[in-house]
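These notes are about the structure you will find just below.
The values are calculated or read from the model by the stated rules, or taken from the named source; none is laboratory data. The structure presented is a predicted model; accordingly, all values stated were derived computationally and were not measured. Glycine gets a Cβ as well: all are built from the backbone with ideal geometry, and neighbour counts include every protein chain shown. The protein model used for the area step is the full one, side chains on, heavy atoms only, and it has no ligands, DNA or RNA in it. Shrake-Rupley method; radii C 1.70, N 1.55, O 1.52, S 1.80 Å.
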Amino acid sequence: MRSAIQIERSAFLLHPLAMLFMLLAVSTAAADDGYRLWLRYDQLPVAAAAKYQPHVRFIVVAGNSATMDVVRAELVKGCSGLLGHEVTLADTVSGEGVILVGTPAISREIAAFGWSRQLEALGKEGFVIRSARIKNRPAIVIASNGEIGALYGAYHFLRLLQTLKPIDRLNIIDRPRLQLRVLDHWDNLDGSIERGYAGRSLWNWSDLPEKLDPRLTDYARANASIGINGATINNVNADARILTAEYLRKVAAIANVFRPYGIRVYLSPRFSAPIEIGQLKTADPLDAEVAAWWRNKAAEIYQLIPDFGGFLVKANSEGQPGPRTYNRTHADGANMLAAAVMPHRGIVIWRAFVYDYKPGYDRAGAAYTELQPFDGKFAANVLLQVKNGPIDFQPREPFHPWFVAMPRTQVIPEFQITQEYFGWSNHLVFLASMWREFLDSDTGAAGRGSTVTKVIDGTLYHQKITGIAGVANTGTDRNWTGHHFAQANWYAFGRLAWNPDLPSQQIANEWIGMTLTHDAKAGRDIARIMLESHEAVVDYMTPLGLHHLFWGGHHYGPAPWWDKEKREDWNPVYFHKADDRGIGFDRTEKGSDTMAQYHAPGREKFASLQSCPEKFLLWFHHVPWDYRLRSGARLWDALAFHYQRGVDWTRAMRKTWEELKGVVDEERHRAVAQKFAIQERDALAWRDACLLYFQTFSKRPLPRGVEKPVKSLEEYKAKSLLEIDSFNRKVDKSSNQ
Ligand code: GCW
């Protein structure tokens with residue numbers, strides 16, 4: 001046994017993959033800059049490692065393919081690192097402490113277990129991890145019906161070790177609940193990223209396809225480890241050139257790197273591409289030549305990228321061209337593109353972020369009005385991608401009524417992982433809590449418990465293709481996401497896409513254990529910060545249902561007074577409607593009646609001032625300043641208390657973090673502490689700017705317990721937070737329009 005493994009090992013050492021690992025191991029042993037994300041694989045606490053050791057001595061991975069090579073590499077690297085001794089590859093099962101990985105098709109041992117039927121039911125991405133006996137010796141088996149499922153199982157197994165879970169009696173059965181789990185990158189071809197706050201684009205177009213940045217592989221590893229299986233690599237505000245032969249070759253090179261990790265590439269086409277790069281006179285979706293152009297383009301793409309995912313389209317939204325440009329409907333446009341990719345089993349994801357301006361209308365209701373009449377009219381390979389809330393990724397929004405408005409249309413939610421409206425990569429906000437709130441929202445569509453999750457996972461409306469998309473927060477910053485804690489949002493997106501029922505607490509605990517510390521007390525403190533953060537940020541930015549109070553354009557910092565945008569519905573004053581009587585957007589029957597788009601009984605709940613959840617009060621109602629909230633406090637006072645509470649939280653959080661010095665490595669501790677200082681400073685500005693401005697309407701004093709503003713309203717109005725550059729803030733203005 002020993003000698004067989006020795007031989008196997010030396011063969012492996014000559015393998016190019018092995019050399020790559022050795023290099024990686026050396027390069028990552030240095031200071032902790034966060035590059036390794038949640039795949040750090042540093043040695044576990046001694047007691048834990050000792051417990052695992054007898055179970056994890058040899059790795060046996062069946063099959064010869066790029067994916068199974070990744071499984072081999074990841075398990076050897078991960079187990080060896082975590083256990084602090086070399087865990088080696090073997091080609092057959094003999095001896096104890098074997099981890100066997102494979103599919104029934106490539107492993108005789110796995111086929112012999114008789115699990116085939118169960119594995120089939122779990123699909124190609126599902127897996128089992130079981131303590132079993134092989135040749136009468138205990139072993140751990142990671143089995144799937146597909147190689148990607150085996151890879152997911154391997155990452156799951158590593159996570160068990162990374163989070164110190166017992167592995168002596170395993171019987172894990174898991175599969176993703178949503179089919180398409182996609183990151184959308186708003187990356188431009190010049191390397192900038194729209195709403196990106198972590199450096200430049202990861203795709204180096206000028207070097208591709210000849211040169212492949214190793215970061216592409218690490219990006220794919222990170223995604224595969226949390227089950228993400230798609231990436232739309234260019235901005236939805238699209239540049240037609242992405243579809244030229246020159247760029248498609250570059251895209252294909254990226255797709256080749258991603259393929260072994262189960263990640264498909266998608267593209268955002270510009271609807272007018274037939275004119276811009278095809279020399280046609282029109283892009284009318286009902287024009288035969290246009291349809292033929294797209295069919296040929298699709299064939300060209302699939303020739304280069306056989307597993308190409310499909311198109312993500314932003315059309316007739318914020319100035320983008322689309323079918324409405326030619327007086328055709330959104331369904332005409334989507335179905336024409338769907339026909340082009342259909343022969344290749346591709347799909348079209350059509351964004352529902354459309355809000356054609358009409359004077360006096362309510363932007364929150366616009367997408368519904370424009371698209372709802374087409375329910376049931378979209379082709380079988382079209383999905384509509386809808387932002388979680390009706391406006392635009394605000395710190396808090398009620399769920400978009402679309403999730404119940406289109407029972408005959410396939411709908412997938414779009415989250416924004418990048419923090420456009422959350423203090424960019426300067427503020428800590430753990431978005432899992434917000435996404436949980438959305439997923440758990442009761443739509444009322446089919447009695448109690450008809451949550452958004454049940455809509456999107458196909459339970460309620462039986463949609464055939466399910467999915468979810470997240471606007472990525474990644475970039476070339478060494479730590480990928482700008483703020484070390486923003487990595488947790490990437491992680492959380494993947495975990496919720498895999499299982500939309502996962503509790504935020506579990507996600508936070510996993511991430512902390514894998515990324516920051518195994519110290520139990522520190523872990524609890526950090527989890528508390530993370531889990532409280534969303535509510536706290538809402539408190540100091542937009543409490544009680546307020547929304548879109550952001551400085552125009554860059555959306556960093558407060559500007560509730562803003563009324564300069566050419567479109568009324570881009571101005572904060574349009575959204576909060578503060579006046580001498582009160583504040584809030586009346587969306588009841590007496591106002592815009594957008595509330596009617598919701599289903600009963602939720603609708604009735606929102607409609608009455610008494611039963612409306614206070615967190616959405618000013619979203620649905622214009623409320624008098626003296627209105628008494630459930631706490632007994634008057635609205636004006638309650639508003640002020642929320643702002644103050646948010647500021648207080650940032651101070652408490654900084655203190656807790658200070659106490660964690662020495663538990664978290666110095667490099668990351670310092671970087672986070674500096675971000676926290678900015679967060680406190682910004683929270684203060686939010687509180688002061690908003691309260692001073694709203695006070696010009698309420699004409700009431702600040703209640704006791706709320707601090708006096710630091711500066712005057714005029715001073716806050718004069719400069720955005722971006723221009724007050726007192727801290728060592730790293731802001732890449734060039735990447736934000
Ligand atoms: O939130 C808005 C952003 C735009 C973005 C748009 C969209 C890609 O401010 O930058 O454009 O949403 O989602 O299409």
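Mind checking whether some residue in region 304-313 is within 16 Å of the ligand (Cβ to nearest atom) and of a type in the set (Gly, Ala, Ser)? Checked region 304-313: no residue is within 16 Å of the ligand (Cβ to nearest atom) and of a type in the set (Gly, Ala, Ser). Scanning region 199-223 for residues that are assigned to a loop (DSSP other than H, G, I, E, B), crowded, with 21+ Cβ neighbours inside 10 Å, more than 16 Å from the ligand (Cβ to nearest atom) and small (Gly, Ala, Ser) yields a single hit, 199. Scanning region 504-541 for residues that are surrounded by fewer than 21 Cβ atoms within 10 Å (Cβ to Cβ) and in a loop (DSSP other than H, G, I, E, B) yields a count of 3.
Across region 299-313, the number of residues qualifying as open to solvent by 40 Å² or more (accessible area, probe 1.4 Å) and not in a helix (DSSP H, G or I) comes to 1. Of the residues making up region 224-270, just one is surrounded by fewer than 24 Cβ atoms within 10 Å (Cβ to Cβ), within 16 Å of the ligand (Cβ to nearest atom) and charged (D, E, K, R), namely 239. Cβ-Cβ contacts under 6 Å between residues 6 or more apart (or on different chains), taken from a first residue in region 413-425 that is within 13 Å of the ligand (Cβ to nearest atom) and among the polar types (S, T, N, Q) to a second residue that is modelled with pLDDT of 95 or more and outside any loop (DSSP other than H, G, I, E, B), are listed as 416/471; 418/471. Scanning region 601-620 for residues that are in contact (Cβ under 8 Å) with a residue 60 or more places away in the chain and open to solvent by 40 Å² or more (accessible area, probe 1.4 Å) yields 601, 603, 614, 615.
Using the structure shown, decide if residue 191 is part of a loop (DSSP other than H, G, I, E, B), open to solvent by less than 30 Å² (accessible area, probe 1.4 Å) and in contact with a His (Cβ under 9 Å, 6 or more places away or on another chain). Taking the combined requirement at face value, the residue does not satisfy it. Condition check for residue 296 on (1) closer than 19 Å to residue 465 by Cα; (2) out of contact with any helix residue (DSSP H, G or I) (no Cβ under 8 Å at 6 or more places or on another chain); (3) outside any loop (DSSP other than H, G, I, E, B): one failure, at (1).
Return the residue satisfying two criteria in turn: it lies in region 410-464 and is out of contact with any Pro (no Cβ under 8 Å at 6 or more places or on another chain) and charged (D, E, K, R), and of such residues it is surrounded by the fewest Cβ atoms within 10 Å (Cβ to Cβ). Out of the qualifying residues, it is 448.
Matching residues to (1) over 19 Å from residue 493 (Cβ atoms); (2) within 22 Å of the chain's Cα centre (by Cα); (3) open to solvent by less than 30 Å² (accessible area, probe 1.4 Å); (4) not acidic (Asp, Glu):
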| position | (1), (2), (3), (4) |
| --- | --- |
| 142 | yes, no, yes, yes |
| 153 | yes, yes, yes, yes |
| 173 | yes, no, no, yes |
| 177 | no, yes, no, yes |
| 180 | no, yes, yes, yes |
